[in-house]
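**Q** Just dropping this structure here.
Derivation of every value follows stated rules applied to the coordinates shown; laboratory data play no part. These figures come from a predicted structure and were not determined experimentally. All Cβ positions, even for glycine, are placed from backbone atoms using ideal geometry, and neighbour counts span all protein chains on display.
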Amino acid sequence: MPPRPANPDTMTARQVEQYFDQVVLFQARTRLDLDDAQFLQFGAALRQLQDARRTQQRRRAEMLRQLDAQLAAPQPDDNAVTARMKEIDDFSAESGKRIQDAYAAIDGVLSVRQRARFRIFEEMMERRKLDLLGRARQQANAPGRSAPAQQPQAR
């Protein structure tokens with residue numbers, strides 16, 4: 001049985017991510033039919049993949065916010081804008097390599113069929129996550145419902 005969150009209404013975004021990661025790992029063991037040795041190696045490799053993706057998403061979003069701020073200046077410096085865009089492009093290439101390496105680590109643990117099932121499973125879980133987030137937003141915005149207090153997020 002997958003782990004249950006203590007109280008989903010009071011969880012921070014980071015806690016939700018951690019909970020969802022645990023659910024993915026738990027379900028992957030069953031869906032991919034992992035033996036104990038595979039499960040240990042797969043879990044570590046999956047964690048690397050999840051961390052690489054989140055780092056890439058967060059850092060890229062921050063870089064784009066910085067670029068937007070530069071463009072909002074009364075007279076943006078084209079050289080600074082060009083440098084920021086190169087920084088974003090370089091980071092995207094570097095983080096893409098880290099994500100590829102994480103997939104290679106996962107693939108090194110799994111059989112061909114398990115790798116194929118993992119790619120399908122991964123897409124299914126991403127859709128489920130997006131669906132849950134959409135529902136949570138609808139619920140939070142429902143008339144007569146007060147939103148839970150925001151908690152500061154650790155960075």
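**Q** At R0 = 30 Å, how high is the FRET efficiency between THR30 and SER92 if r is their beta carbon distance? Nearest 0.05 is fine.
**A** Computed FRET efficiency for THR30 and SER92: 0.30.
**Q** Please compute the length gained on full extension between ALA73 and ARG128, using 0.36 nm multiplied by the number of residues separating them and subtracting their Cα-Cα distance.
**A** The ALA73-ARG128 span can extend by a further 15.8 nm.
**Q** Which order do the peptides 65-77, 117-129 come out in when sorted by mean C-beta neighbours inside 10 angstrom, highest first?
**A** The densest-packed peptide leads the list: 117-129, 65-77.
**Q** Extension gain ARG59-ARG115, at 0.36 nm per residue separation less the Cα-Cα distance, in nm?
**A** Full-extension gain reported as 17.3 nm.
**Q** Tell me, ARG31, ARG14 in order of fewest to most beta-carbon neighbours within 10 Å?
**A** If I rank by nearby Cβ atoms, fewest first, I get ARG14, ARG31.
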